[in-house]
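Participant: Provided herewith is a single structure, encoded as structure tokens, for subsequent inquiry.
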Amino acid sequence: MPQKSVPFFTRPTLLALAAAACASAIAQDNTQTLSEVVVSASGFEQQIKDAPASISVVTRQDLETKNFRDLADALQGVEGIDVRGGTGKTGGFDISIRGMPSDYTLILVDGRRVSAAGDTTPNGFGASQTSLIPPLSAIERIEVVRGPMSTLYGSDAMGGVINIITRKIAKEWGGSVQIEGSLPEHSNQGAAQKTSFYLNGPIQQDKLGIAIRGNYYNRDKSELDLPAGASAGSYKGIAPPKSDQYTLGAKFTLSPAAGHELWLDVETARTKYDNRHCELGSVDGTARNDCGKPSNTAHGYKDYLRFDREQLAIGYKGHFSIGNFETSLSRTTNDTKGRTLPTEAFGQNDPLRYLIGTDRKLKSTSTIWDTKLTSPLGERHLLTAGSQLVHAVAEDGLPQLKGTPRFKQDTWAVFAEDEWSITDTLIATGGLRYDHHDKFGGHWNPRAYLVWNATDVFTFKGGISKGFRAPKINQLVDGPSGVSGQGQTITYGNPNLKPEESTSTELGMLFNNQQGWTGNITAFHNKLKNKISSDSCVGILPGCAGSSTFYINRDRAKTWGFELGTKYVFSPEWDIAANYTWTDSELLQDGEVIGKLSDTAKHVANLTLNWKPSQQWSVWSRVEYRGHSRRFDTKPKANDPDNLKAYELFNNELKAYTLVHLGANYKVNKNVTLSANIYNLLDKDFNKYQKIGNTWYNDYYMGGRSVKGSAPEGRTLWLKANIEF
């Protein structure tokens, strides 16, 4: 018979029991089962099968078992997500959910935004932000909401939400240290070393607690393996430079009375990249694309680049008779150092030419105040309501030099969402958010979702939601807003841009035979209106020349596809999990298809096998397949013969590939666990090139201002020791 739901006044007890069961379970698969508890879909705890969204959870056990350098690495293998569609200059991967570009994914830590307000990492450095996450030892789990969540989280959540949930402070002192490193088989690939720690406990029992976390990551330089005569300038990111990164943070909690908690969280993070050999951009005073030759030109880059982030947040959580109330105030500052004012940004008679080569300021600050109340209304309604105020400031030394003031943006929003248990097996969720933007005025974002627990085995769910995304601050300026192309190309803002709007639908089914076999299938469709893109401004804007561009609204875009996932537990020792995602997209202008919306592969699949022969040993293996993806955004013009021929010869596709990974973990005692993982076990070679005309083309990735596709490292051994105390 159908599984009955329960009144809201008993749900907290059941949720606490579910959370305790979750903590004691050992899960080698990369996503939790359908009975686990999540918070990102509705803002309160609920089981995955009841959540009004498609959710995957990367467990703490999986994070400890495998190795990851950044958030994209941690999400590999999650259905609906493609992290190999593009490679940033620092070697990081873009995170695309359901075919939406990475800009449409909102990243949170404990429900707080960490995304930058403006573009402080232009020209291919956006992926550097996904590396500044809490260390593994501080993470409890990562929740991934596949699909828009604009009603609860605002405009940046049009593609989906990634919420990193950190560990709660324990009642007894304890902690852990992880030490790990890589041993690549090929000498041209840089080795990496990583150390992280977590220490937490009570300062005053049941009153005051503290958690301290830290992480240090070092990576040696990699070298490109290019054919003779090929230029390395187009493949920045495929062979990342030497880098050093650290994060250090602390959280304090104060419980003045039962059911009430005050907290303070501070964190600093820094990543430094070695650019002495022009791996990230041509260094000032060197020849373009020839770092060994001197010149009198400033290209916009120093010997070293640094990305800093500072965060401060304070908040309160309280339990009252009417429900649970939360409020927080946070301030996040992102700062890029090592960029300069390039020669090309100044005319021959510009009186400010003496500033060529001086520091270019790239900094943004976001101040956000969030409030939320979760309150039961009778036994069948649970209301979530709240507000958000955002004050954002972004500074870019280049447009400010040209007379553009600091970029400022103020928004506020109120929202409400009701979960209504229509029957014991049917749950409806309806939500509405009102966003007010200081330039675009008000905008409404509704959401409706239905979950039907038809039987103990089958659950059906589906819904529709609207999304709204305002242009970035720098995209709206009336004048120069940035520079690209190694200092050659000026990018202009457009104060006439319209906000992007989306309509998203999904329909899915979850399966659980209660005997170790689970599965899910979900179909999705996203429509995007007023897609922001860039185009040539020559002949349109005064002073625009050469290859300069400005921001415009394209007509429409859409993505669609479906996701399949299943897991079968053969026995307490064996289980197998598989998922497959099929995604397609279109970008339209004046009603005609002009290309794809993103670099997401049409076919992505993962197969994971776990074996636990004893309490001490566990072994895992994963096979990943990434299908063809686009090589060019649009068809090259006739005056670009090499690229045009490559477009036709490769059918505008990057090659598909399959990778195999293998790992093992040994628990020495209750405090020490050792891990050894081999990535790219079969040593798949991505250095395959073809020469067309005067240009070399790789089979698996395409160089340019940013790299399409990726080139995973050759066979690499990762070793790790996890010590708990």
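The values are calculated or read from the model by the stated rules, or taken from the named source; none is laboratory data. The structure presented is a predicted model; accordingly, all values stated were derived computationally and were not measured. Note that we place each Cβ from the backbone using ideal geometry, even for glycine, and neighbour counts take in every protein chain shown.
Participant: For Gly431, indicate whether it is over 18 Å from Leu383 (Cβ atoms) and either assigned to a strand (DSSP E or B) or aromatic (Phe, Trp, Tyr) (or both).
Facilitator: no
Here's the yes/no breakdown for (1) under 17 Å from Asp642 (Cβ atoms); (2) among the basic types (Lys, Arg); (3) surrounded by fewer than 18 Cβ atoms within 10 Å (Cβ to Cβ):
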position: Tyr679; (1), (2), (3): no, no, no
position: Lys691; (1), (2), (3): yes, yes, yes
position: Asn698; (1), (2), (3): yes, no, no
position: Tyr701; (1), (2), (3): yes, no, no
position: Asn722; (1), (2), (3): no, no, no
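Participant: Sort through Ser706, Ser675 and tell me the only one that's at pLDDT below 90 and surrounded by 14 or more Cβ atoms within 10 Å (Cβ to Cβ).
Facilitator: Only one candidate qualifies: Ser706.
Participant: For the stretch 641-649, check the following and say yes or no: at least one residue is of a type outside the set (Lys, Arg) and either at pLDDT 95 or above or within 17 Å of Thr716 (Cβ to Cβ) (or both).
Facilitator: no
Participant: For the subset of the stretch 161-180 comprising residues that are of a type in the set (Gly, Ala, Ser) and crowded, with 16+ Cβ neighbours inside 10 Å, which member is nearest to Thr716 (Cα to Cα)?
Facilitator: So the residue we want is Ser176.
Participant: Still on this structure, please answer the following. Looking at the structure I just gave you, is Asp359 without any contact (Cβ under 8 Å) to a residue 60 or more places away in the chain, at negative phi and within 30 Å of the chain's Cα centre (by Cα)?
Facilitator: Yes: the conditions hold for Asp359.
Participant: Further question: Pick from the stretch 66-119 the residues that are over 21 Å from Arg630 (Cβ atoms) and polar (S, T, N, Q): which of them is surrounded by the most Cβ atoms within 10 Å (Cβ to Cβ)?
Facilitator: Thr90
Participant: Now for a different question. Of all residues in the stretch 338-391, which are acidic (Asp, Glu) and surrounded by fewer than 18 Cβ atoms within 10 Å (Cβ to Cβ)?
Facilitator: Asp350, Asp359, Glu379, listed by residue number.
Participant: Okay, moving on. Do the conditions hold for Ser42, that is, is it of a type in the set (Gly, Ala, Ser) and at pLDDT below 85?
Facilitator: yes
Participant: For the stretch 251-271: of the residues being within 23 Å of the chain's Cα centre (by Cα) and of a type outside the set (Ser, Thr, Tyr), which is farthest from Thr327 (Cα to Cα)?
Facilitator: Ranking the qualifying residues of the stretch 251-271, first place goes to Arg270.
Participant: Based on what the data block shows, is Ile532 modelled with pLDDT under 85, among the aliphatic types (A, V, I, L, M), buried (at least 19 other Cβ atoms within 10 Å of the Cβ) and out of contact with any helix residue (DSSP H, G or I) (no Cβ under 6 Å at 6 or more places or on another chain)?
Facilitator: no
Participant: Quick one: how many residues across the stretch 550-587 are crowded, with 21+ Cβ neighbours inside 10 Å and either aromatic (Phe, Trp, Tyr) or in contact with a helix residue (DSSP H, G or I) (Cβ under 7 Å, 6 or more places away or on another chain) (or both)?
Facilitator: 2
Participant: Any idea which of Ala27, Ala18 is at pLDDT below 50, of a type in the set (Gly, Ala, Ser) and assigned to a loop (DSSP other than H, G, I, E, B)?
Facilitator: Testing whether each residue is at pLDDT below 50, of a type in the set (Gly, Ala, Ser) and assigned to a loop (DSSP other than H, G, I, E, B) leaves just Ala27.
Participant: Give the stretch 149-188 a look and list any residue that's of a type in the set (A, V, I, L, M, F, W, C) and free of Cβ contacts under 8 Å to residues at least 40 places away in the same chain, or say none.
Facilitator: Ala170, Trp173
Participant: Now, a different point. What is the residue count in the stretch 77-91 for residues that are over 19 Å from Ile521 (Cα atoms), in a loop (DSSP other than H, G, I, E, B) and in contact (Cβ under 8 Å) with a residue 40 or more places away in the chain?
Facilitator: 6
Participant: Which condition does Leu659 not pass, out of (1) in a helix (DSSP H, G or I); (2) closer than 24 Å to Trp620 by Cα; (3) not charged (D, E, K, R), if it passes all the others?
Facilitator: (1)
Participant: Is it the case that some residue within the stretch 300-323 is in a loop (DSSP other than H, G, I, E, B) and among the small types (Gly, Ala, Ser)?
Facilitator: yes
Participant: Go over the candidates Asp590, Asp640, Asp599 one by one and state the one that is surrounded by fewer than 16 Cβ atoms within 10 Å (Cβ to Cβ), of a type outside the set (S, T, N, Q) and closer than 25 Å to Lys529 by Cβ.
Facilitator: Asp590
Participant: Quick one: Cys544 ticks every box in (1) assigned to a loop (DSSP other than H, G, I, E, B); (2) without any contact (Cβ under 8 Å) to a residue 60 or more places away in the chain; (3) surrounded by fewer than 16 Cβ atoms within 10 Å (Cβ to Cβ); (4) not basic (Lys, Arg) except a single one, so which number is it?
Facilitator: Evaluating Cys544 over (1) assigned to a loop (DSSP other than H, G, I, E, B); (2) without any contact (Cβ under 8 Å) to a residue 60 or more places away in the chain; (3) surrounded by fewer than 16 Cβ atoms within 10 Å (Cβ to Cβ); (4) not basic (Lys, Arg) leaves (3) as the failure.
Participant: Go through (1) surrounded by fewer than 19 Cβ atoms within 10 Å (Cβ to Cβ); (2) farther than 30 Å from Leu262 by Cα for Glu326 and report which single condition fails.
Facilitator: Single failed check for Glu326: (2).
Participant: Does the stretch 666-694 hold any residues that are of a type outside the set (Val, Ile, Thr), within 30 Å of Gly709 (Cβ to Cβ) and in a strand (DSSP E or B), and which are they?
Facilitator: Ser675, Ala676, Asn677, Tyr679, Tyr689, Gln690, Lys691
Participant: Next question. Which residues, counting only those in the stretch 185-238, are of a type in the set (A, V, I, L, M, F, W, C), under 30 Å from Gly703 (Cα atoms) and at pLDDT 90 or above?
Facilitator: Ala191, Ala192
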